[in-house]
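The values are calculated or read from the model by the stated rules, or taken from the named source; none is laboratory data. Being a predicted model, the structure only gives us computed values, none of them experimental. Glycine gets a Cβ as well: all are built from the backbone with ideal geometry, and neighbour counts include every protein chain shown. Ligands, DNA and RNA are excluded from the accessible area calculation, which covers all protein heavy atoms including side chains. Shrake-Rupley method; radii C 1.70, N 1.55, O 1.52, S 1.80 Å.
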Amino acid sequence: MTSGFSDLSVSVSDEVRSTTCYMCACRCGIHVHLRSGRVSYIEGNRSHPVNKGVLCAKGASGIMQVFSPSRLRAPLKRVGPRGSGAFVEISWEEALSTAASWLRPLRESAPEKLAFFTGRDQSQSFTGWWAQQFGTPNYAAHGGFCSVNMAAGGIYTIGGSFWEFGQPDWDRTKLFVLFGVAEDHDSNPIKIGLGRLKARGARVIGINPIRSGYNAVADDWLGITPGTDGLLILSLIHCLFEAGRIDLDYLARWTNAPLLVNATEGAEKGLILRNAESQPFVIDRRTGQPAPWDGPGVEPDLGATYQGHRTVFQHMAERYLAAEHAPEAVAERCGIPAGRIRALAAELADVAFNQAIEIAQPWTDFRGNRHETMVGRPVSFHAMRGISAHSNGFQTARALHLLQIILGAVETPGGYRLKPPYPKPVEAHPSPHFTAVPGQPLSGPHLGYVRGPEQLALKADGSPARIDKAFSWEAPFSAHGLMHMAIANAHAGDPYRIDTLLLYMANMAWNSSMNTSQVMAMLTDRDASGAYVIPRIIYSDAYASEMVAYADLILPDTTYLERHDCISLLDRPISEPEAAGDSIRWPVIEPDRDVRGFQSVLLDLGVRLGLPGMTNPDGTAKFADYADYIVNHIRRPGVGPLIGWRGADGSKEGRGEANPDQLRRYIENGGFYQAHVPAEARFMKPWNMAYQDWAVKTSFYETPQPYLFSIWSEPMRRFQLAAEGHGAIQPPDHLRARLIRAMDPLPIWYPPFGDDEAAGWGYPVHALTQRPMDMYHSWGSQNAWLRQIRGRNFLYVPTALWEAHGFEDGDYARVTSPSGQITVPVAHMAALNPHTVWTWNAIGKRRGAWALDAGAHEAKEGFLLNHLISELLPARGDGHRWSNSDPVTGQAAWFDLRVRIEKAGPQDRSLPQFPDLPRVVPQGRERRR
Amino acid sequence: MHPAASVILFTVLSGMGFGLLACLGIGPWLGWPAPAPGLAAFLHWGLGYGLAVGGLLASTFHLGHPERAWRAFTQWRSSWLSREAWTSVATLLVLAPVALSDWLDLGWSRGWPGALGPIGAGLAGLTVFTTSMIYAQLKTVPRWHHASTPPLFLGFALAGGALLCGQTALALIALIGLGLLMAWVFTDGEHRFARAGQSLGTATGLNRIGKVTVFEAPHTSPNYLMTEMIHQVARSHVPKLKALALTLATVIPAALMALSLAGAIPSLAATALAATAHAAGAITQRWLFFAQAEHVVATFYGKH
Amino acid sequence: MTTLPKSTARQLGLVIDLDTCVGCQACVTACKGWNDQGPAVAGLSDRDPYGAEPDGAFLNRVHSYQVAPDGGGAASLAQTVTFPRSCLHCQDAPCVTVCPTGASYKRAEDGIVLVNEAACIGCGLCAWACPYGAREMDPSAQVMKKCTLCIDRIYNETLPEVDREPACVRTCPTGARHFGDFADPESEVSRLTRDRGGYDLMPALGTRPTNKYLPPRPKDRPVEVSPLSPLLEIRAGDPAEGLAGWLDRILRKI
Ligand SMILES: Nc1nc2c(c(=O)[nH]1)N[C@H]1C(S)=C(S)[C@@H](COP(=O)(O)OP(=O)(O)OC[C@H]3O[C@@H](n4cnc5c(=O)[nH]c(N)nc54)[C@H](O)[C@@H]3O)O[C@H]1N2
Ligand SMILES: Nc1nc2c(c(=O)[nH]1)N[C@H]1C(S)=C(S)[C@@H](COP(=O)(O)OP(=O)(O)OC[C@H]3O[C@@H](n4cnc5c(=O)[nH]c(N)nc54)[C@H](O)[C@@H]3O)O[C@H]1N2
Ligand code: SF4
Ligand code: SF4
Ligand code: SF4
Ligand code: SF4
Ligand code: SF4
Ligand SMILES: [Mo]
């Protein structure tokens, strides 16, 4: 009898090509197996630093993405009304010359009339550079609606952040606390890390209204009420202060806690006190006298008072010891019993201080002190959008960093570790550039870190210079721009009108936008003359997404296996705490359609427009294509997109001239490069001279940049001062009170905007979304395997509400928010905050999109919460409609959503439903094997 | 289970067929009047063979690869399905000379081949028993995994066989017995899943923590397990269907047999009517048998 | 051969750690990918993949449950447990003995339960016999599919040694799946089973599964009497002492 498996040693494939996954921003290394030139199997690359061989559900089914019937096939030009989906296929020549003919006049007269926004773009340093060469101030990627609170909160406090820019010391941490994370960008590393903690029996605590995924495996779960993490964290800080369980030595040496806060009434009040040389100073405990903060051997005194000016530390103590922060005072609002808050504080202190670790690694700090060991506080934290997607998210992120700091758990063994090129203080970042000059490039990068009102992107008349109003008084620290406001503002002509909207990889007519129906209306709205209010829309997608129908010109991209990409240190690299890393994608297969990699298309377009940087003086192309750019583009002398194998012979790391052989070396190495941090430099990086020297050598900055953590934020205080009436640059009056409140230089908590009102208006329930681990936003649904796993979503309702409303399986609920109503299927969830409902993000699809059957579950019963969320809050007493964003960064407050629910009984489809989206590709039938 | 027509037909038809064949085979040894040679014998045996073979053929419609059905003969040592293949074929072969003899009046039954009759009858019984064991062996379906399942199948075969071969008295007794058994199985069956003690808690082992319920299904599209094994009958229909099955399969035929015995109605008409009702009842019972199967795998999906 | 081997030289299988599995479904698609495209297999089809009701065969499925613990206080908070389910390669595999064709069999050398697709008539009986839902009919090939324990990987000499493990194990990002030989008491899987209380699913059915599940560790520590004990060293809050007193005391610690 034959076994059916007679030969067990059949070779998997003819050839393996190693590149980088693209189903999310995690950027895992993959081996792509080819049989007869076709992709046959994809598995993780074991030697890759990000994923170490593992893949997630999306990565492991990447083949279904590559063979998706929804792939666009050729450039398209709109022929019917916008939104009707009437397109004709055109040649690339026509597509590119059309785009050039639209953009050329703009560049020559008013470059700001091009707004270029990108979604989950992994080439932001390139797309941003292109926009800079074009000269428009209107460029940003999607970070503004994603997690800029996390990024900015971190940079302004510790010079690094959560998101994917740091990670717990997975090897040493004994207690890991996770705030508001479902999946994160660092998907596989977090999973690998959790697995390692579990294997060691280390403790994991999940703080999240919803107990699923990572929070389901957490040893303890605190089902917090949304928007109240700041309260909880400040209460933990209160407990630690109260008990004196704080790392005073760490605070004194490495933070601005010992700096003095100017107490003199006037324009300097609340700024850090400076000496005659404009340098901040401390009181040296050895002498009791002022001394430079970074002076050799100086021992800063936390408790000093100098001429009536008190240290930051004293301000901290005063604030956080106050009774309003006691667990008993916050427990009800947070939905967590006071006893559990105290228990958590106790556990943090116990692990940080009683279970401290020490590694025998001598090092030298920036004051010249030699330390024989590194003392570790094995408590680590991670947080993401659960904290950041609230209108108090920036301050909450700061509060969390403060908690880490007082435990001495940042950049110490066992704590939270930053990944090069971080740490990097605010001062080492650029500030925003925004002045459009016809025919000229922008003078510098668009995005950056504002230090004070004088760096806001305002025009001479005080109006916002950018279409998204980033870096305006409404969002002073909007370091990632405000993509979610771009369409609404362009439609409203506020602050001005634009001509062309260039979008890349962002499904703005569906799951990426707030109030999706309104956005679709804005995209198709016409003025009195019958012309579109947003005159031109160019879009690059790889698939038949909902957004495609709303563009005038479609530039079809390749799939991730068919193009070059560069994951650069200039952008969002793949570093680890002990190594800077970057990587590439390269065409492991050739496209079988008339599509082109968007970056190469941008370069081509740039040459047609004569953009400097990509055009030679004779008008020819400086770079043949994106691959050529990756190798030969020079940002700063010796610095290009990739750090590996630089120099003519490939022997240089970080800095060095272009190496024509660079891509081949990357490919041979599995698509990535790592520059390893020397042993002495592995921890305490902001203060560790060995690290600082290595960072300069490896090109992150030009001179060493040691700095102190900013517990007291001067940039914030500068905005408060302006709002109090100091200084020449003044905010509009209606924003003063809000700036004074939100720009507190010490972390605070205030209720999310609209929270109190919403409850009063009759929207008592919080409504959230979570990322499914097995879907990436909208594009997972075209994947034949993933859509069988998760082709429908439900609104999960906690037990108390489930029973109160008498819901039964199969029921639908009508869900109403101040800005909309949906009718959706419900299901019961027990491990859920009692005031919260939620659903998986972006499962709902528009009928006809993604090459799916019009009767697909995704379109029939699937739904989005986005219809309930608006970019503006309902009008307040004063008639103002505030934006639904964090007042510091402009981060979209997705998770501030408040609703009420009613039983709607069994239904056969969710509402709203939209007309079928006309197909730009035929419906998928069979799956290719 | 999804109550597939092919399996229902298979078990009902082959059960009746092998029951009839058994009666025909053993009849002469019990002194029952043999069917008259010629047309009567042809029709009788033909009906038996027709039902048995028709049932077996119906079962192949359930197969993904009927062309490989011959392989089902290979595993008689362990597989009841394989054993059923053997016994059914053996029955059909062993009884063939007897049938031929009856039809063509070869008189073989008076010679040694006559001994094949009871052997065939025994094999026919064995066939029905093996069929029943296909279901009774499945611990995964507590409703089936029970000592009553073989008697139930055999009871149907006996009642159907007796009916079809005109053994009114035997049919009456068999029908009464079957009715009682059915009634008891219908009642007892409802408790067997609970008695088996499997739940989502034991299926997952999470009963060691507490009470387990489903949060999310592993897939939102249906799969083979759900369409094949997790069929749920609307509870409100079940009592009606049970009553219908019992009435059609046993009460009506038994009443007709009693009337016929009492001479109140002509026996041929009674038999025809009774057999029809019985077959309809058997189909109803079998539909319930499969539809109500309650496989333990349903616990994983929270469907039990 | 559908009679079961009396014993097997090795007893290969998986340990699945429910304390660690986050329910990411990676093992599901990795399994699908390998068994659809792997070199030694016939594929795992999907019917109507982009239609209203797609229906495909998978060999591994991940459920998600909620548990209401029988505890008190914080320890009574509801829990969510994700639960991967694939073939357990039972020692007394009823799916094998019911098979009429011999297509289902258990290997004497390592205990792996397989289907010889060329001999399978697609009767479905083995799926009926399996308590664990580990077998699914391929919707287009109409033969029974089940987890092969990636036999075409674990013995595949064309693969590097480290990769000779099942696709689901190799891909699992949390490391919740462990592969090994239970016949070897010193193997990782045997050790984990011993140390962490690995258990059988539905043991009463007598299938004697090879695969073991590790239970979730106890969750949600009850708040004990003195949660503050490590914090009691210094106490603020003496109103007479005030902030200055607190500062004074605490700074003396440095
Ligand atoms: N598989 C997959 N991975 C992805 C993505 C994807 O679509 N699929 N998307 C990528 C993108 S663009 C992003 S931005 C990241 C986002 O990654 P995450 O930050 O993990 O984002 P969300 O899924 O939105 O999860 C937010 C979590 O915060 C919780 N939460 C909400 N409000 C609060 C609160 O007030 N307090 C606390 N403590 N928790 C709260 C929610 O319950 C949820 O668990 O994921 C990236 N990774
Ligand atoms: N309710 C709710 N809404 C949310 C969120 C939430 O938490 N809740 N989260 C928000 C956040 S953080 C984010 S980041 C957004 C994400 O939302 P989107 O930006 O809409 O993200 P995707 O669905 O990934 O869409 C990106 C587009 O890129 C296309 N694409 C995929 N691959 C390629 C490629 O290789 N080339 C090109 N050119 N295009 C490609 C896809 O087809 C898709 O149309 O959603 C936001 N929306
Ligand atoms: S986490 Fe998954 S989708 Fe994201 S890059 Fe890694 S394998 Fe690809
Ligand atoms: S891959 Fe691992 S963590 Fe993910 S579902 Fe499977 S077993 Fe669980
Ligand atoms: S789990 Fe099911 S298919 Fe696997 S060996 Fe056990 S009974 Fe057979
Ligand atoms: S479906 Fe195939 S493997 Fe299963 S019992 Fe039938 S013949 Fe055997
Ligand atoms: S061992 Fe192989 S076949 Fe079995 S579940 Fe894992 S990946 Fe699938
Ligand atoms: Mo995002």
Selected from A:810, A:262, A:726, residue furthest toward positive end of dipole (chain A; charges at beta carbon): A:810
Buried accessible area, chains B and C (both chains, 1.4 Å probe, Å² to nearest 100): 4700
Rel. contact order, % - alpha carbon contacts under 8 angstrom, at least six apart, chain B: 23
Average beta-carbon neighbours from other chains, 10 Å sphere, peptide B:125-134: 1
Charged-residue dipole, Cβ positions (Lys, Arg, Asp, Glu), chain B about Cα centre, Debye nearest 20: 760
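Roughly how many debye, to the nearest 20, is the charge dipole of the protein assembly as shown about its Cα centre, given +1 on each Lys and Arg Cβ, -1 on each Asp and Glu Cβ, and no other charges?
The calculated dipole for the protein assembly as shown is roughly 2100 debye.
Taking a probe of 1.4 Å, how large is the accessible area per residue of chain A, in Å²?
Roughly 28 Å² per residue, with all protein chains present.
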Test item: B:224-232 mean partner chain Cβ contacts at 10 Å: 4
Net charge contributed by nearby residues that have their C-beta within less than 12 Å of residue B:148 (K/R +1, D/E -1): +1
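On average, how many beta carbons from a partner chain sit within 10 Å of the beta carbon of a residue in A:829-835? Kindly include the intermediate steps, with their values, before the conclusion.
Numbers: counts 6, 11, 9, 4, 0, 0, 0.
Partner Cβ neighbours, averaged per residue: 4.
Taking square-rooted eigenvalues a ≥ b ≥ c of the alpha carbon gyration tensor, is segment A:691-831 rounded, prolate or oblate, where a/c under 1.5 means rounded and, failing that, a/b exceeding b/c means prolate?
Details: a/c = 3.10, a/b = 1.50, b/c = 2.06.
Oblate, since a/c reaches 1.5 and b/c is not below a/b.
So what is the relative contact order for chain C, in percent, with contacts set as C-alpha pairs under 8 Å and at least six apart?
Details: 481 pairs, mean separation 68.0, N = 254.
It rounds to 27 percent for chain C.
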Chain A - mean residue ellipticity at 222 nm from DSSP helices (-39,500 (n - 2.57) per run, n ≥ 4, rounded to 500): -7000 deg cm²/dmol
Heavy-atom surface of segment C:131-202, accessible at 1.4 Å and reported per residue (Å²): 33
Under the Karplus curve 6.51 cos²θ - 1.76 cosθ + 1.60, θ = phi - 60°, whole-Hz ³J(HN,Hα) for segment C:197-210, x wherever Gly or Pro sits: x, x, 10, 9, 8, 6, x, 4, 7, x, 7, 6, x, 6
Segments B:179-185, A:812-818 sorted - mean Cβ within 10 Å per residue, highest first: A:812-818, B:179-185
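Tally up the carbon and sulfur contribution to the accessible surface of chain A as a whole percent, 1.4 Å probe, everything protein left in place.
51
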Of B:5, A:252, A:24, farthest towards positive along the dipole that unit charges on Lys, Arg, Asp, Glu beta carbons give the protein assembly as shown: B:5
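By the scheme Lys and Arg +1, Asp and Glu -1, what is the net charge of all other residues having a beta-carbon under 15 Å from that of residue A:744?
Details: positive: A:269, A:319, A:398, A:717, A:718, A:736, A:738, A:741; negative: A:318, A:324, A:714, A:724, A:886.
Residues near residue A:744 contribute +3 overall.
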Between segment B:201-249 and segment C:17-75, the alpha-carbon center distance in angstrom: 20
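Among B:32-41, A:410-419, A:575-584, how do they line up by average Cβ neighbours within 10 Å per residue, starting with the highest? Don't skip to the answer; put the middle values down first.
Working: B:32-41: 14.9, A:410-419: 26.6, A:575-584: 22.5.
Taking the mean over residues of other Cβ atoms within 10 Å, the ranking is A:410-419, A:575-584, B:32-41.
Which entries of A:419/A:845; A:419/A:622; A:860/A:903; A:58/A:697; A:191/A:685; B:139/C:6 have Cα-Cα distances beyond 27 Å here?
On the way: A:419/A:845 37 Å; A:419/A:622 33 Å; A:860/A:903 19 Å; A:58/A:697 37 Å; A:191/A:685 25 Å; B:139/C:6 21 Å.
The answer is A:419/A:845; A:419/A:622; A:58/A:697.
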Angle between chain C longest axis and helix C:26-37 axis [Cα atoms, degrees, rounded to 10]: 20
Chain A, relative contact order [Cα under 8 Å, separation at least 6], %: 17
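Under 11 Å from the Cβ of residue A:96, count the other residues' Cβ atoms, weight Lys and Arg +1, Asp and Glu -1, and hand me the total.
Numbers: positive: A:596, A:608; negative: A:93, A:94, A:604.
Result for the local shell: -1.
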Three-way shape call for segment A:755-906 based on the alpha-carbon gyration tensor, with the a/c threshold at 1.5: oblate
Aspartates and glutamates with Cα under 13 Å of residue B:242, excluding same-chain neighbours fewer than 8 positions away: B:188, B:190
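Among the complete DSSP H segments of chain B, which ones combine at least 15 Å of alpha-carbon extent along their axis with a mean Kyte-Doolittle hydropathy of 1.0 or more? Numbers along the way, then the final one.
Working: long enough: B:5-26 (31 Å, 2.10); B:39-60 (30 Å, 1.28); B:80-104 (35 Å, 0.92); B:116-136 (29 Å, 1.30); B:149-164 (22 Å, 1.56); B:168-196 (39 Å, 1.09); B:267-291 (35 Å, 0.96).
Correct list, ordered by number: B:5-26, B:39-60, B:116-136, B:149-164, B:168-196.
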Euclidean distance between Cα centres, segment A:843-860 to segment C:89-140, Å: 37
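Shape of segment A:619-674 from its Cα gyration tensor (a ≥ b ≥ c, root eigenvalues): rounded if a/c is under 1.5, otherwise prolate when a/b > b/c, or oblate?
Details: a/c = 2.11, a/b = 1.36, b/c = 1.55.
The shape class here is oblate.
So for each of A:642-652, C:167-177, A:895-905 I average, over its residues, the number of other beta carbons within 10 Å; can you give me the resulting order with the highest mean first? Walk me through the numbers before you get to the answer.
Values: A:642-652: 18.7, C:167-177: 26.2, A:895-905: 20.4.
Going from most to least packed, we get C:167-177, A:895-905, A:642-652.
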Under 25 Å from residue B:240, Cα to Cα: lysines that are on another chain or at least 8 residues apart: B:303
Percent of Cα pairs exceeding the 14 Å cut-off, where the set is segment A:847-929: 75
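Using a simple charge model, +1 on the beta-carbon of Lys and Arg, -1 on the beta-carbon of Asp and Glu, nothing else, what dipole does segment C:12-214 show about its Cα centre, in debye to the nearest 20? Please report the intermediate quantities before stating the final value.
On the way: 18 positive and 25 negative charges, 61 e Å.
Using only the charged Cβ atoms, the result is roughly 300 debye.
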Label point 7 Å beyond Cα of residue B:272 along Cβ direction - residues of segment B:8-51 with amide nitrogen under 15 Å: B:44
